[in-house]
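Worksheet for the structure shown next.
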There are 2 protein chains.
Amino acid sequence: MSEMDFNELEGVTRPKTQRGEVTFQKLLEAAEAVFGEKGYYETSIVDIIQRAGVAQGTFYLYFKTKKDIFRQLVVHLHHEVRKTIQEAVQGVANRLAAETTGLRAYHNFLLEHRNLYRLVRELEFVDEDLFKWYYQSFANNYARRLSQAMEKGDIRKMDPEALAYSLIGLNVFIGMRWPLWENRPAPTIAVETIVDFITRGLGTETK
Amino acid sequence: MSEMDFNELEGVTRPKTQRGEVTFQKLLEAAEAVFGEKGYYETSIVDIIQRAGVAQGTFYLYFKTKKDIFRQLVVHLHHEVRKTIQEAVQGVANRLAAETTGLRAYHNFLLEHRNLYRLVRELEFVDEDLFKWYYQSFANNYARRLSQAMEKGDIRKMDPEALAYSLIGLNVFIGMRWPLWENRPAPTIAVETIVDFITRGLGTETK
DNA sequence: ATGCAATATGAATCACTTGTCATATTTATT
DNA sequence: AATAAATATGACAAGTGATTCATATTGCAT
C-alpha cells in the first residue's frame, strides 16, 4: 500500500556526462528489445550488451543487476500506458462512453507494443512488489474516476475498488484473447457484447 | 483451434513398477512445492531432487527436462481447478446464481492452493502453447454453459466467447487482489458489488 | 594543456546447472 | 533360484552466465 515512489530506483546509476547518457539509452533500448523478444529469464546480460554494442563491464557502470535494468524499463512503460489511455479518455464527459474509448485505446497500445507488454506480465515473477505497485496505482486511479462518476450519477454507487479490478481484469483478458493472441482488435460482435455488458453492469438503468 | 490433447506428454516416461511410481510421485510433489515457492526459473533440478530425496540421475529416468515436469504439473492442476468449480456449480440451476457460486469456489481453491496457482500464471512464459490451451479450454467450456443459459433465457443473448473471457479476467483479477495478495476472501462489499455488476451485465432485466 | 573524474574494455573468475554414465541394487517373471 | 528389466546412485564433464578488475581512453573543468 501507501505511495511508493519508483522514480529513482536504487541499483541504477545515472550517467553524468552526455557521452554516458548515450550509452545508458543504448542499453535501455537494447534491453527493451531483447526482453520483449525472449522474456526476462531467457535473456542474458551478454545478449543486452551485444545488442547495445558495448562491453560487459560497461553494463555494470549503470546497472547493478539484470533485475535493475528491467525495473527501470517497466516503470517507464507504466507511465506510457497510463498517459496513452488518459489522453484518449480525456474530454469524454460520460464515464460509460469513456469505458469504451479506454478499451479501444488500451487495445491499440497493445497492438503497437506487444513486446513491451510482455514485460509487464512477466514482472509478477521478477519483482512482485513492483508488480503490485503497477496494478495498484492503475487500479487506484481507475477507482478514483469511477467514484467521481458515481457522484455525478453517471453510474450506480458500488465499491469502486472491486469494480476497478474487475474492469482491469476484463480488459486484460480481452486484450490477451484478440490483440495479443491474434494480433488484431477484438471483432465487432465481441466489442458490442463487452460494451453492453459493462454498460448494464455499471449503469443506473436499463433500456 | 483444434483439440489438443495433453494427456500423454512426451518428455515424460511413466514408471513401470510400484516402486517407480512412488519415486515419480515424490518428484512431482517436490516440484510442485519448489516451483510454487521460488517460481519456475529460479528453481533448479537440483532443488527438486533434493526436496524429493533422490539422486540426480533419477530425475532423468522420468523427465527429459525441467520444462517437462512443469508441464505435467500444470495439466494436472488444470483438471483439479475445473473439477472443483464444476462440482461447486453443479446443481445450481440458475446461471446467475452459478456465477456467484463459481466465484466463491474459485477463490477458495486459490486460498488453498496459492502456490499451485502461481504456476499457471508463470506458464505463459514457460510454454505459451500450453498456456493458451489452458485458458482456451477453460473459456470454451465457460462459453458453452453461457450459451445454454442464453437458450434458456436466463441471460441475455450476447457473444458467449467475449463474455467468457471477460468473466474469467474479472475472476482472475479479483482473485489476485484479495485471495492472492491478502490471503483472504474478498470482503463482503466487494463480492456484493461484483455479483451486482455481473447480474446486471448478464441479466435480462433490472430491478 | 593539465589533471581528475567519468567512461569503456574484455579477459578472468566464480558460482551454478544441466545432463551423462558406469555401476549397483531392486523388482518382476519364469 | 535365476535372469532380465527397471530403478537408483553420485561423481563428472561441459557449458553458461554473472560479476569483478586492472587497464586504457575520453571528456570536462581549471
Being under 20 Å from residue A:131 (Cβ atoms) and of a type outside the set (S, T, N, Q) narrows it down to one of A:54, A:22, A:46, A:74, so name that one. A:74
Can you work out which of the residues in the stretch A:152-183 that are facing chain B (nearest Cβ under 9 Å) and not in a helix (DSSP H, G or I) is farthest from residue B:193 (Cα to Cα)? A:156
Checked A:53, A:57, A:102, A:91 against criteria (surrounded by fewer than 12 Cβ atoms within 10 Å (Cβ to Cβ) and away from DNA strand D (no atom under 16 Å from the Cβ)); the one match is A:91
Which one of these is farther than 30 Å from residue B:202 by Cα, within 10 Å of DNA strand C (Cβ to nearest atom) and not assigned by TED's automatic domain parsing to the domain that holds residue B:135: B:43, B:13? B:43
Testing residue B:60 on (1) more than 11 Å from DNA strand C (Cβ to nearest atom); (2) away from chain A (no Cβ under 14 Å); (3) among the aromatic types (Phe, Trp, Tyr), one condition comes back false. Which one is that? (1)
Hey, can you tell me all the residues within the stretch B:158-207 that are under 16 Å from residue A:202 (Cβ atoms) and acidic (Asp, Glu)? B:192, B:196
All helices (runs of 4 or more DSSP H) inside the stretch A:1-84 with 1 or more residues being more than 30 Å from residue A:145 (Cα to Cα) and among the charged types (D, E, K, R): A:18-38, A:45-52
For residue A:132: the one exception among (1) more than 10 Å from chain B (Cβ to nearest Cβ); (2) out of contact with any His (no Cβ under 7 Å at 6 or more places or on another chain): (1)
Tell me the residue from A:186, A:139 that is assigned to a helix (DSSP H, G or I) and either within 12 Å of chain B (Cβ to nearest Cβ) or touching a helix residue (DSSP H, G or I) at 6+ places or on another chain (Cβ under 6 Å) (or both), please. A:139
Which residues, taken from the stretch A:15-46, are surrounded by fewer than 17 Cβ atoms within 10 Å (Cβ to Cβ) and within 14 Å of chain B (Cβ to nearest Cβ)? A:37, A:38, A:42, A:44
For the structure I just gave you, tell me whether residue B:66 is surrounded by 13 or more Cβ atoms within 10 Å (Cβ to Cβ), within 14 Å of another protein chain (Cβ to nearest Cβ) and either modelled with pLDDT under 95 or farther than 21 Å from residue B:134 by Cβ (or both). no
Report yes if some residue within the stretch A:174-187 is crowded, with 18+ Cβ neighbours inside 10 Å, in contact with a Phe, Trp or Tyr (Cβ under 8 Å, 6 or more places away or on another chain) and among the basic types (Lys, Arg); otherwise report no. yes
When the residues of the stretch A:69-102 are narrowed to those that are more than 16 Å from DNA strand C (Cβ to nearest atom), β-branched (Val, Ile, Thr) and over 20 Å from residue A:185 (Cα atoms), which ends up nearest to the other protein chains (Cβ to nearest Cβ)? A:74
Any residue at all in the stretch B:79-92 that's at pLDDT below 95, of a type in the set (Val, Ile, Thr) and either in contact with a strand residue (DSSP E or B) (Cβ under 8 Å, 6 or more places away or on another chain) or more than 23 Å from residue B:183 (Cβ to Cβ) (or both)? yes
Could you grab the pairs with beta carbons closer than 6 Å, sequence gap of 6+ or different chains, first residue in the stretch B:41-52 and among the hydroxyl-bearing types (Ser, Thr, Tyr), second one buried (at least 18 other Cβ atoms within 10 Å of the Cβ) and in a helix (DSSP H, G or I)? B:43/B:34; B:43/B:35
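The values are calculated or read from the model by the stated rules, or taken from the named source; none is laboratory data. It should be emphasised that the depicted structure is a prediction, and the values quoted were computed from it without experimental measurement. Reconstructed Cβ throughout: ideal geometry from the backbone, glycine too, with neighbour counts over all protein chains shown.
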